[in-house]
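Peer 1: This is the structure, below, for whatever I ask next.
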Amino acid sequence: MKRKYSKSFIGAVLTTLLLVGCSHILDEQPRNFFEPGFFKTEKGVFGGLTSMYAHLRWIYGQPYYYNTLETGTDEYTWGQSADANFRVMDISGQGEITPVSSNAGVIWGVCFSNINTASGIIENAEEVGISPALIAEARFFRAFDYFLLVQTFGGVPLDLGAGELKFNTSATTTSVRNTVPEVYTKGVFPDLLIAINDLPVVGRVTGGATKTLARLYLAKAYLTYAWWLENPNNIPTYPETSRTDPDGHNAQYYFQQAYNLATQAIDDPGPFGLVDTYYDLHIGGNDRNKEMLLYADHTEDSEFYNGTCINCFASTDPGGNAAVWMVTWNYTEIRSAANPDGTGGVSSVQREAVQALGRPWTRMAPTIGAIENTFADKTLDSRYDGTFSTVYRGNWPKGGTPNTVLYNANDLPVSPDDAILTFLPDESLAGDIVYPAGANFPGKNYPGVGAGMLPGRADFVISPRGVGRRVYPGLWKIGTYRTDNGAGLGQPNANLTRPFKAARFSELYFVAAEAAVKGATPVGGKSARELINVIRARAGKWKFSNADNAVKVEDNSAALVAATPATIDINYILAERSREYFGEGYRWYDLIRTQKWTEIASTYEICGDQFGNHTPILVNRSIQPHHYLRPIPQGQIDAMEVSAAEKLAYQNPGYEGN
């Protein structure tokens, strides 16, 4: 029973979707607009409710918004093929973030459209006779969108033209931003509290909103708001307002509420829980598992329900899932030799629609620190292996190359499925690596990408400190998944047809642990260390090794738990969050919430953007306090029919002249 969605996003409102009978499948009927009376019918309410889920596809997996969540953090920087969209977000001298260049604006119209739809449902559903459980879905999504917006832009308008949190049926050319406390206490907390009370334990459709999901988001909102009230590093807010809560509570109150709610959800999980291994969590085909509380759904079964084409290049389709392309380097430039003397270059790793490969764009590259420090333990902890593609294997017969054997590093023979290029786990062999000066070794047609050789090894190698902007490990965890490749390369140029993860049950442990570190009083058995160790124990369980392409059954849980510091701090939690959620779009929000962005990501190391460059360079970022908010999109500013002074005042400080 899959949740299925609309194909297109239209103007200021999302496509109307209709619930068909009791099938648990959300069917779709495109509409250009919602007229004022539409939500006064049962059909209209169900259509609006279903569109709530569809709008997730315009947020999660959207490649340019994904860039704003990762580039510029300690996880990612710009890659060799990056254009200005990616380089400016790094804040490292490659351009300035502006209201035009900041692709965070991708979510502005999407979220406000959905908020208005939710308000239309909330105002009319009871009169139509819709149950509180269904209305609670609209309340969840209205709060979800406001929470996303307030984290990204600061205070945003609660009045879209018809009054605060009212359904607006006519265009308006003015706007007034509410303060951060007003958004939380009027637009986020109340809706989520009602949603927790009224939502079912088990979603009405697969992937539907539940009590557990609402508890997670309210706990996250309490946690984020508590940090905002505390403001440990004096980061400015906008619109300007005092760091006081309208209800008279302090930061500690909200840290405690976050802890209480998260642990309540852990103790009363409904049908949710942690899957057994990190590999199980991310292997393609298992995306709709018990750990997933919310996802932007896609399907290979139907182009209409996928939201974009299945078998064609469609990266610009607004509802497509193409984020992983941005962090995939051009491995197709790897060359092996047709002849034993190293001549006759052959593309030995061809573009294929499989999870370890997929379409390369080389827009974003992981930092050396992420590989070397965040994932320092690559032996006991399964998460490095379950996050990255580190071994690129030969697949040339699938592309029509008939050779049964090619010749690779040291002129040694390799067969299909053998390792062609390996990113080494550490620097222990680095001193023995011989790298070419450029793409190839003298007199050879390999490796094509500047990788090195070790004595006696047939695979080319790169050590962690040799990773650069052009050649780096790909992101396996959110990679391509297809079932229709047959014996060939499949359709690697089409947007992904697998769901994009938006919320996981595991985050409840992190929210509670972070709140405990910030002073929340824990209950027995759920100290910050004990909560984090639940996640670390799971990380120690291996089922399969991606690097070895083989079954690997190991349980290193006890060793990982023992290695956890006796007392953990916020930096340790942030490091664990990066190990758990690397590349999933969490990182920028984690760093701005805790106000650790400047401390953790102001410098990074990476090698250059040319083949054969394996000399790390220390790069400095100029992260300023105003960067902790993204600029209001220029399109919003331009569309308002107000004075120039009012437009200037509407923009976040630091971006007015851009």
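The values are calculated or read from the model by the stated rules, or taken from the named source; none is laboratory data. Everything numeric here is computed off the predicted structure, so don't read it as measured data. All Cβ positions, glycine included, derive from the backbone under ideal geometry; neighbour counts span all protein chains shown.
Peer 1: Residue check, A503 against (1) touching a Leu at 6+ places or on another chain (Cβ under 6 Å); (2) assigned to a helix (DSSP H, G or I), all met but one. Which one?
Peer 2: Going through (1) touching a Leu at 6+ places or on another chain (Cβ under 6 Å); (2) assigned to a helix (DSSP H, G or I) one by one, A503 breaks only (2).
Peer 1: Could you please let me know if L216 is in a helix (DSSP H, G or I), farther than 17 Å from Q595 by Cβ and at pLDDT 95 or above?
Peer 2: Values: in a helix (DSSP H, G or I): yes; farther than 17 Å from Q595 by Cβ: yes; at pLDDT 95 or above: yes.
When the stated conditions are applied, L216 passes them.
Peer 1: Filter region 34-69 down to the residues that are out of contact with any helix residue (DSSP H, G or I) (no Cβ under 6 Å at 6 or more places or on another chain), surrounded by fewer than 21 Cβ atoms within 10 Å (Cβ to Cβ) and part of a helix (DSSP H, G or I) and list them by number.
Peer 2: K43 - this is the single residue of region 34-69 that is out of contact with any helix residue (DSSP H, G or I) (no Cβ under 6 Å at 6 or more places or on another chain), surrounded by fewer than 21 Cβ atoms within 10 Å (Cβ to Cβ) and part of a helix (DSSP H, G or I).
Peer 1: May I pose another question? Just need a number here: residues in region 123-144 that are crowded, with 21+ Cβ neighbours inside 10 Å and without any contact (Cβ under 8 Å) to a residue 60 or more places away in the chain.
Peer 2: Matching residues across region 123-144 total 2.
Results for (1) among the aromatic types (F, W, Y); (2) modelled with pLDDT under 95, shown as yes or no for each residue.
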position	(1), (2)
I115	no, no
A125	no, yes
A133	no, no
F140	yes, no
F144	yes, no
A162	no, yes
N168	no, yes
V176	no, no
L193	no, no
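Peer 1: I'd like the full set of residues that are more than 12 Å from the chain's Cα centre (by Cα) and hydroxyl-bearing (S, T, Y), limited to region 56-75.
Peer 2: Selection gives T73 alone.
Peer 1: Among the residues of region 512-555, count how many are assigned to a helix (DSSP H, G or I) and either without any contact (Cβ under 8 Å) to a residue 12 or more places away in the chain or within 24 Å of D280 (Cβ to Cβ) (or both). Step through it out loud before you land on a result.
Peer 2: Filtering region 512-555 down to residues assigned to a helix (DSSP H, G or I) leaves 512-517, 528-539.
From what's left, either without any contact (Cβ under 8 Å) to a residue 12 or more places away in the chain or within 24 Å of D280 (Cβ to Cβ) (or both): 512-513, 530-539.
Matching residues across region 512-555 total 12.
Peer 1: Could you look through region 630-657, keep only residues that are touching a residue at least 60 places away in the same chain (Cβ under 8 Å) and of a type in the set (D, E, K, R), and pick out the one that is surrounded by the most Cβ atoms within 10 Å (Cβ to Cβ)? Spell out how you get there, then give the answer.
Peer 2: So the first thing to find is which residues in region 630-657 are touching a residue at least 60 places away in the same chain (Cβ under 8 Å), and the list is 630-637, 639-642, 650-653, 655.
The next check asks that each one be of a type in the set (D, E, K, R); those that pass are 630, 641.
Working: R630: 25, E641: 9.
Here the answer is R630.
Peer 1: Inspect all residues belonging to region 556-563 and state whether any of them is surrounded by fewer than 19 Cβ atoms within 10 Å (Cβ to Cβ), outside any loop (DSSP other than H, G, I, E, B) and touching a strand residue (DSSP E or B) at 6+ places or on another chain (Cβ under 9 Å). Steps first, answer last, please.
Peer 2: Residues of region 556-563 surrounded by fewer than 19 Cβ atoms within 10 Å (Cβ to Cβ): 557-559, 561-563.
Right, trim to outside any loop (DSSP other than H, G, I, E, B) and you get 557-559, 561-563.
Checking which are touching a strand residue (DSSP E or B) at 6+ places or on another chain (Cβ under 9 Å) leaves us with 557.
For region 556-563, residues surrounded by fewer than 19 Cβ atoms within 10 Å (Cβ to Cβ), outside any loop (DSSP other than H, G, I, E, B) and touching a strand residue (DSSP E or B) at 6+ places or on another chain (Cβ under 9 Å): present.
Peer 1: Then there is this: From the residues in region 158-212 that are of a type in the set (G, A, S) and either assigned to a helix (DSSP H, G or I) or surrounded by 18 or more Cβ atoms within 10 Å (Cβ to Cβ) (or both), which one is farthest from the chain's Cα centre (by Cα)?
Peer 2: Looking only at region 158-212, we keep the residues that are of a type in the set (G, A, S), and these are 161-163, 170-171, 175, 187, 195, 203, 207-209.
Imposing the further condition that a residue be either assigned to a helix (DSSP H, G or I) or surrounded by 18 or more Cβ atoms within 10 Å (Cβ to Cβ) (or both) reduces the set to 175, 187, 195, 203, 207-209.
On the way: S175: 30, G187: 24, A195: 24, G203: 23, G207: 18, G208: 20, A209: 19 Å.
Within region 158-212, the match that is farthest from the chain's Cα centre (by Cα) is S175.
Peer 1: Still on this structure, I have one more. Are there any helices (runs of 4 or more DSSP H) wholly within region 244-350 with 3 or more residues that are among the charged types (D, E, K, R), and if so which? Quick ask: steps written out before the conclusion?
Peer 2: Details: elements: 251-267, 278-282, 303-306, 323-326.
Once the helices (runs of 4 or more DSSP H) in region 244-350 are filtered for at least 3 residues that are among the charged types (D, E, K, R), nothing remains.
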